[in-house]
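A.B. asks: One structure is given below, represented as structure tokens, and several questions about it will come after.
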Amino acid sequence: MAAEVNNAFDVAFFFADTALAENEYLQPQKLQGLLFLSQAYFAVAFEGRKLMPAVFVADERGPLEPNVYIAFSKGRPTLDADLFLSSEVEGFLDAIWRRFGHMGTDKITSMTKETSAYSKARNRAHRAEIPLDEMRLSFIRAEKTPGVGQVVKPKLYRTQSGKNVTVQRWVPGTKPANGNPE
């Protein structure tokens, strides 16, 4: 399955840069929680699509992407990363940050460890892989996490007359939501 971004480091750098811009220290475990939440919510919001080509495992500390964890364990690594994400991905990650970035590491870790996806993988084996389908199902059910509508809200704009309009991505060859061709 193709992913929306080239690698998990692109997403990790987005969160690291956002935290730095807001003068906030981003602990490695909090970064892992944000990556896990991003992957799961993206799969829910975008019909099973993968945000990043990443494998999360059920570690005793919580879900983590081992490659990113090792790379960031001693601070921000020096890597060539694509710091120019699509506006769709950047908007999505910004929504994740706005919803969870203010939370403490313990709160995010607790939330992610309480998902059924993490629990099932942890019961299978130490550091067992957490499948994307199980992550998606956990977050669709919003068992111990906010629903996707509370995290990723549609873009809402107003016309010059004050009427609300929802902005949607244009897909060539499809009709607008109201069924009228423009």
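The values are calculated or read from the model by the stated rules, or taken from the named source; none is laboratory data. Note that the structure is predicted; figures quoted are calculated from it, not measured. Ideal geometry is used to build each Cβ from the backbone, glycine not excepted, and the neighbour counts take in all protein chains shown.
A.B. asks: With (1) crowded, with 17+ Cβ neighbours inside 10 Å; (2) small (G, A, S); (3) more than 25 Å from L137 (Cα to Cα) as the list, and S73 as the residue in question, which single condition is left unmet?
C.D. replies: Checking S73 against (1) crowded, with 17+ Cβ neighbours inside 10 Å; (2) small (G, A, S); (3) more than 25 Å from L137 (Cα to Cα), the one that fails is (1).
A.B. asks: Give me the pairs: first residue in segment 36-50 and within 20 Å of T109 (Cβ to Cβ), second residue aromatic (F, W, Y) and at pLDDT 90 or above, beta-carbon distance under 7 Å, and six or more apart or on different chains, which are they?
C.D. replies: Going by the 7 Å Cβ cut-off, the qualifying pairs are F36/F56; Q39/F56.
A.B. asks: Would you check if D133 is part of a helix (DSSP H, G or I), farther than 19 Å from T18 by Cβ and at pLDDT 85 or above?
C.D. replies: Details: part of a helix (DSSP H, G or I): yes; farther than 19 Å from T18 by Cβ: yes; at pLDDT 85 or above: yes.
Answer is yes for this residue.
A.B. asks: Any chance you could count how many residues in segment 97-110 are modelled with pLDDT under 90 and of a type outside the set (F, W, Y)?
C.D. replies: 5
A.B. asks: While we're on this one: Just wondering, is there one or more residues in segment 105-117 that are assigned to a helix (DSSP H, G or I), of a type in the set (K, R) and farther than 13 Å from V11 by Cα? Give the steps one after another, and end with the answer.
C.D. replies: Residues of segment 105-117 assigned to a helix (DSSP H, G or I): 105-113, 116-117.
Checking the rest, the ones that are also of a type in the set (K, R) come to 107, 113.
Within this subset, residues satisfying the condition of being farther than 13 Å from V11 by Cα are 107, 113.
Yes, segment 105-117 has at least one match.
A.B. asks: Of these, G33, G91, G48, which one is closer than 27 Å to R141 by Cα and touching a Lys or Arg at 6+ places or on another chain (Cβ under 7 Å)?
C.D. replies: Numbers: G33 fails: touching a Lys or Arg at 6+ places or on another chain (Cβ under 7 Å); G91 fails: touching a Lys or Arg at 6+ places or on another chain (Cβ under 7 Å).
On inspection, the qualifying residue turns out to be G48.
A.B. asks: Separate question: With the checklist (1) farther than 25 Å from A2 by Cα; (2) assigned to a loop (DSSP other than H, G, I, E, B) in hand, flag the one item A54 doesn't pass.
C.D. replies: (1)
A.B. asks: When you go through F36, F92, F9, F13 one by one, which is the residue that is outside any loop (DSSP other than H, G, I, E, B), in contact with a Pro (Cβ under 7 Å, 6 or more places away or on another chain) and crowded, with 17+ Cβ neighbours inside 10 Å?
C.D. replies: On the way: F92 fails: in contact with a Pro (Cβ under 7 Å, 6 or more places away or on another chain); F9 fails: in contact with a Pro (Cβ under 7 Å, 6 or more places away or on another chain); F13 fails: in contact with a Pro (Cβ under 7 Å, 6 or more places away or on another chain).
Only one candidate qualifies: F36.
A.B. asks: Something else: In segment 138-150, is there at least one residue being surrounded by 17 or more Cβ atoms within 10 Å (Cβ to Cβ), among the hydroxyl-bearing types (S, T, Y), farther than 23 Å from M1 by Cα and modelled with pLDDT of 90 or more? Quick ask: steps written out before the conclusion?
C.D. replies: The first filter runs over segment 138-150 and keeps only residues surrounded by 17 or more Cβ atoms within 10 Å (Cβ to Cβ), leaving 138-139, 145, 148.
Adding the requirement that they be among the hydroxyl-bearing types (S, T, Y) leaves 138, 145.
The next check asks that each one be farther than 23 Å from M1 by Cα; those that pass are 145.
Then drop every residue that is not modelled with pLDDT of 90 or more, which leaves none.
Among the residues of segment 138-150, not one is surrounded by 17 or more Cβ atoms within 10 Å (Cβ to Cβ), among the hydroxyl-bearing types (S, T, Y), farther than 23 Å from M1 by Cα and modelled with pLDDT of 90 or more, which makes the answer no.
A.B. asks: I'd like the residue in segment 101-131 that is among the hydrophobic types (A, V, I, L, M, F, W, C) and touching a helix residue (DSSP H, G or I) at 6+ places or on another chain (Cβ under 6 Å) and, out of all such residues, is surrounded by the most Cβ atoms within 10 Å (Cβ to Cβ). Walk me through it before giving the result.
C.D. replies: So in segment 101-131, the residues among the hydrophobic types (A, V, I, L, M, F, W, C) come out as 103, 108, 111, 117, 121, 125, 128, 130.
Subset that is touching a helix residue (DSSP H, G or I) at 6+ places or on another chain (Cβ under 6 Å): 108, 117, 128, 130.
Working: I108: 22, A117: 24, A128: 15, I130: 28.
Once the filter is applied, the top-ranked residue is I130.
A.B. asks: Please specify each residue of segment 57-78 satisfying the condition of being outside any loop (DSSP other than H, G, I, E, B), out of contact with any strand residue (DSSP E or B) (no Cβ under 9 Å at 6 or more places or on another chain) and touching a residue at least 60 places away in the same chain (Cβ under 8 Å).
C.D. replies: Correct list: D59, V68, A71, F72.
A.B. asks: Of everything in segment 16-33 that's assigned to a helix (DSSP H, G or I) and of a type in the set (A, V, I, L, M, F, W, C), which residue is nearest to A54 (Cα to Cα)?
C.D. replies: Filtering segment 16-33 for residues that are assigned to a helix (DSSP H, G or I) and of a type in the set (A, V, I, L, M, F, W, C), the one nearest to A54 (Cα to Cα) comes out as L31.
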